1. Any residue at all in the stretch B:168-177 that's more than 14 Å from chain A (Cβ to nearest Cβ) and buried (at least 22 other Cβ atoms within 10 Å of the Cβ)?
2. Within the stretch A:211-257, count every residue that is under 23 Å from residue A:63 (Cα atoms), among the β-branched types (Val, Ile, Thr) and more than 21 Å from the chain's Cα centre (by Cα).
3. Only one of (1) closer than 18 Å to residue B:235 by Cα; (2) in contact with an Asp or Glu (Cβ under 8 Å, 6 or more places away or on another chain); (3) at pLDDT 95 or above fails for residue B:80. Which number is that?
4. List every residue pair whose Cβ atoms sit under 8 Å apart, with the two residues 6 or more apart in sequence or on different chains, where the first one lies in the stretch A:13-38 and is among the hydroxyl-bearing types (Ser, Thr, Tyr) and the second, anywhere, is in a helix (DSSP H, G or I).
5. Using the structure shown, decide if residue A:189 is at pLDDT 95 or above and touching a helix residue (DSSP H, G or I) at 6+ places or on another chain (Cβ under 6 Å).
6. Name every residue in the stretch A:235-244 that is closer than 12 Å to residue A:68 by Cβ and either among the polar types (S, T, N, Q) or within 11 Å of chain B (Cβ to nearest Cβ) (or both), in order of residue number.
7. Do you know which of the residues in the stretch B:129-144 that are assigned to a helix (DSSP H, G or I), surrounded by 23 or more Cβ atoms within 10 Å (Cβ to Cβ) and in contact with a helix residue (DSSP H, G or I) (Cβ under 6 Å, 6 or more places away or on another chain) is nearest to the other protein chains (Cβ to nearest Cβ)?
8. I'm told residue A:165 meets every condition in (1) surrounded by 24 or more Cβ atoms within 10 Å (Cβ to Cβ); (2) more than 14 Å from the chain's Cα centre (by Cα); (3) under 22 Å from residue A:250 (Cα atoms) except one. Can you identify the failing condition by its number?
Amino acid sequence: MSEIFCEIQDQFAFVTISNPSCLNAINMDMWNALTLHFKELHANEDLRCIIIRGAHGQFASGADVQEFATVRNTLADGMRYHNQTIAASLNAITECRHPVVAAIEGVCVGGGLEIAISCDIRIASPYARFGIPINKLGFPLAPKELQSLLSLTGKAVALEILLEGRILNGLEAKERGLVQRLAGDVAQEALETAKRIAQGAPLAARLNKKFIRRLSFVPERLNDQEQLEAFSFLETQDYQEGVMGFLAKQIPVFTGK
Amino acid sequence: MSEIFCEIQDQFAFVTISNPSCLNAINMDMWNALTLHFKELHANEDLRCIIIRGAHGQFASGADVQEFATVRNTLADGMRYHNQTIAASLNAITECRHPVVAAIEGVCVGGGLEIAISCDIRIASPYARFGIPINKLGFPLAPKELQSLLSLTGKAVALEILLEGRILNGLEAKERGLVQRLAGDVAQEALETAKRIAQGAPLAARLNKKFIRRLSFVPERLNDQEQLEAFSFLETQDYQEGVMGFLAKQIPVFTGK
Amino acid sequence: MSEIFCEIQDQFAFVTISNPSCLNAINMDMWNALTLHFKELHANEDLRCIIIRGAHGQFASGADVQEFATVRNTLADGMRYHNQTIAASLNAITECRHPVVAAIEGVCVGGGLEIAISCDIRIASPYARFGIPINKLGFPLAPKELQSLLSLTGKAVALEILLEGRILNGLEAKERGLVQRLAGDVAQEALETAKRIAQGAPLAARLNKKFIRRLSFVPERLNDQEQLEAFSFLETQDYQEGVMGFLAKQIPVFTGK
């Protein structure tokens, strides 16, 4: 059964992404649960740090493509899905007053990588796998998610990841600034990181997090015309070909239409 | 004979910089040819990826200094040369709808590095050599080229490269984000990169490239007064000393005048 | 005795931070002396490069916490201390017309790291130690200093350094873009770097430095309300707890108040 778990132990909260049938792919209910959990954790003044992780040895394999035919199949649905549902989840992590550490094992791709990018510190296994191979599904990265990637890594990494659609290992991800540290025991290192954070003054952590967000490079907003162009892929044949190919486990044939 | 070759094979275009007498230095005719080739390739909807490379085991050694006495010797000429001729070439690469991969062997310095920086992905030999050692020629980087360097790497790399004028090897360039990957067989890895790009949906690649450019940090434009200051080097003794010294193969003596 | 030395040898100036009793901690007099020295060096047209270093095998251990009870204990004092005293020193380095190389051995933390970040090129020992562990002193990074950190490294490094308060070695600092090169003999490599800079045309170096600053990402200014929030830590119990704990060599107990 798909679920977002949230447990609180002392000053720490542990949020766990679980969807055992598909490497923790994240469906609409899970995106919404993630948003709610982080809003609740934000309001809990007793916390010092949140760790987000995946169950079953995986972080998360991205948005649940099985759902696309129902929840993301038209221009209006696609814009709502990305600009509202997913954006709300990622913003809830970014805007949470507490520091958030991502503990990353196994696959961390697509929407899973977007969740990790929205955290404050990423600890990963050298064997973790990173990427956004959606070019093979026939679509580009939605603009708000692209903005968060660019704000973290700059354009060279975004171009490499998105144009090639290659999967990177932990070392490659670290070299590109996608993760801060590699660890053999990811859970242990993430917990030690959370403890180091908890040794500092919590108000200092909150001000640092808030003003780092305030003072970092944030790409401009797109205007309405650009928004429509960014989501125009939803009306292409190649989008249907890519998503259908993925679901049918067939290699898609893209024609540029 | 100096030339920019362009060959199309299936869905790929190969642009080759060649000027065998001087490590593929790029003269005015070559800058103009590069602009025209990339405008044509941009218009060719059948392409999936462009690879740019140098002939004779070198990428490119920069702008052709031999020409400076005739095409870049006054304030007006210098501003036209950089803000129009070179800027048009680099913009044609950056604004080309297709992904562009740079395959870098040998020297990749000055204007050669600027071409590489304007591409989307850079694959290099560990033995390639990178830098912009124009401080030894008596002049600073022109503002549009500085903007493209800063947009890729940020200021620490720009300061190190420009103030010291040191030549970096492939590993040093990769550590600084100037190249994405090193490869023993650069041509082969660039081709495999192009094939990975071509396996994705072409419209997705084009939207990704376009919106990464749109949403990345772009330095502000300089005003007219700043433009004049940025090009003021053309009226210094040290500029003449540096260029003359280079052509005469003598070490210049700079006086700060 | 605490002091900022400044010696000129040929075309080079050597600025040395010295406060032997406390790993070169920087007190108000030293911040002011640093400002004055760099303003004088800026005005000296004969120079080609400035090297800044610490005495006694250390770079600098940060602002002198001993003084905080007298010079930085109220909201008004804290804003004056950071926005005027420290900002003036860091700006004098950044705006100095000459290239500035930091030669970093031993501790380079807090205000010491801020000085290093304000230089143009950082050469460090693999055994140097970097960080801003002020979360353990109960306060966040002041906004102007945060802006200079973000302008150099981007947000991932700022979040890791500030939220965890961990101390990094030279290799970790290099991986994060905090330093450009590691060297066994830091003094020697810094001098060779200065010599490479001096081999170039001085006006080219000055224009490069000036326009790199002009064209780099600079975070927005905070408004008055945000300034007050950023310095609100000065009125918290945890700030007193952190600073008193440090001076008494006791582990502080933070309550979030």
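The values are calculated or read from the model by the stated rules, or taken from the named source; none is laboratory data. Fair warning: this is a prediction, and the values are worked out from it, not measured in the lab. Every residue, glycine as well, gets a Cβ built from its backbone with ideal geometry; the counts of neighbours run over all protein chains shown.
1. Scanning the stretch B:168-177, I find at least one residue that is more than 14 Å from chain A (Cβ to nearest Cβ) and buried (at least 22 other Cβ atoms within 10 Å of the Cβ), so the answer is yes.
2. Qualifying residue count for the region: 3.
3. Among (1) closer than 18 Å to residue B:235 by Cα; (2) in contact with an Asp or Glu (Cβ under 8 Å, 6 or more places away or on another chain); (3) at pLDDT 95 or above, the lone unmet condition for residue B:80 is (2).
4. From residues that are among the hydroxyl-bearing types (Ser, Thr, Tyr), the pairs are A:35/A:88; A:35/A:89; A:35/A:92.
5. For residue A:189, the condition - at pLDDT 95 or above and touching a helix residue (DSSP H, G or I) at 6+ places or on another chain (Cβ under 6 Å) - is not met.
6. A:239, A:240, A:242, A:243
7. Taking the stretch B:129-144 first, the residues assigned to a helix (DSSP H, G or I) are B:134-137, B:143-144.
After this cut, where a residue has to be surrounded by 23 or more Cβ atoms within 10 Å (Cβ to Cβ) as well, the list is B:134-135, B:137, B:143.
Those left that are additionally in contact with a helix residue (DSSP H, G or I) (Cβ under 6 Å, 6 or more places away or on another chain): B:135, B:137, B:143.
Working: B:135: 3, B:137: 8, B:143: 6 Å.
Across the stretch B:129-144, the extreme among qualifying residues is B:135.
8. (1) is the only condition that residue A:165 fails.
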